[in-house]
Amino acid sequence: MFFSAHKDKAALQAQVAELREQARQTEAKAADPKELERLRAQAREAVEHKKEAEEVHRLRGEVTLLRKDKAVFEQAKAENVHLREQVQVGKRLQAENNALRGQYQSAVQGLQQRTQKDSCIANLKQIDGAIQQWALEYKKVAADRYSLQDLSLLAFLRGSVLPLCPAGGTYAPGSTVSVEPTCSMLGHTL
């Protein structure tokens with residue numbers, strides 16, 4: 001045991017001597033202005049490296065966010081293209097709808113005009129029939145003149161009233177009993 005303790009003491013003394021030598025060398029280096037400047041430069045360089053590492057870490061985070069933003073942008077761009085296509089389809093359908101509506105309105109208007117014309121012609125036939133019955137009843141000849149407001153003539157019409165043109169035309173008598181009555185609307189003729 002004595003031997004082991006003496007051996008440990010010797011080892012400790014050697015370590016102490018080595019540490020003293022390192023301390024002496026450090027003090028000598030610290031006293032040297034060139035060495036001191038070199039150590040300061042290393043310290044500044046270490047701080048710069050730390051700042052650069054932090055900046056790289058920050059930039060990597062920004063790149064990750066930019067990549068996510070790019071993915072969102074690409075998705076939005078694709079949705080935008082899809083929506084533009086839908087708008088174009090909507091515009092095309094609206095144009096087709098307007099064209100069909102125009103065709104429908106033209107067809108309805110044409111049918112309405114045709115119906116009005118047919119009703120007017122039926123009225124003209126009714127008026128002409130009343131004129132012919134009136135002429136027979138009152139012994140009128142083909143060359144005799146008449147008036148559509150003549151009450152004796154109106155008595156031969158339904159309700160004793162002169163019918164109206166459904167298109168807004170006005171009826172006029174023929175120049176004589178043998179000439180058919182007319183309507184002021186174009187195409188409304190017997």
For the structure I just gave you, tell me whether C120 is touching a strand residue (DSSP E or B) at 6+ places or on another chain (Cβ under 7 Å) and part of a helix (DSSP H, G or I).
yes
Restricting the range 116-157 to residues that are exposed (fewer than 14 other Cβ atoms within 10 Å of the Cβ) and within 56 Å of the chain's Cα centre (by Cα), the one farthest from T182 (Cα to Cα) turns out to be D118
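Mind listing whichever residues of the range 153-168 are outside any loop (DSSP other than H, G, I, E, B) and modelled with pLDDT of 90 or more?
If the condition is that a residue be outside any loop (DSSP other than H, G, I, E, B) and modelled with pLDDT of 90 or more, then R158, G159, S160 are the ones that fit.
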Every listed condition ((1) out of contact with any helix residue (DSSP H, G or I) (no Cβ under 6 Å at 6 or more places or on another chain); (2) within 30 Å of T189 (Cβ to Cβ); (3) surrounded by 10 or more Cβ atoms within 10 Å (Cβ to Cβ)) holds for T64 save (2)
Determine whether G174 is among the small types (G, A, S) and within 60 Å of the chain's Cα centre (by Cα). no
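Conditions tested, residue by residue: (1) modelled with pLDDT of 90 or more; (2) over 30 Å from A167 (Cβ atoms).
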residue	(1), (2)
E52	no, yes
E55	no, yes
G61	no, yes
A71	no, yes
E85	yes, yes
V89	yes, yes
L93	yes, yes
E96	yes, yes
A99	yes, no
The one condition A172 fails out of (1) in contact with a strand residue (DSSP E or B) (Cβ under 7 Å, 6 or more places away or on another chain); (2) aliphatic (A, V, I, L, M); (3) at pLDDT below 95; (4) surrounded by fewer than 12 Cβ atoms within 10 Å (Cβ to Cβ) is (3)
Note on the range 119-144: residues in contact (Cβ under 8 Å) with a residue 24 or more places away in the chain and more than 20 Å from T189 (Cβ to Cβ) are A135, K140, V141, A143, D144
Of those in the range 175-190 that are buried (at least 17 other Cβ atoms within 10 Å of the Cβ) and touching an Asp or Glu at 6+ places or on another chain (Cβ under 7 Å), the residue farthest from N123 (Cα to Cα) is V177
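The values are calculated or read from the model by the stated rules, or taken from the named source; none is laboratory data. Just so it is clear, the model here is predicted, and its values are computed rather than measured. Ideal geometry is used to build each Cβ from the backbone, glycine not excepted, and the neighbour counts take in all protein chains shown.
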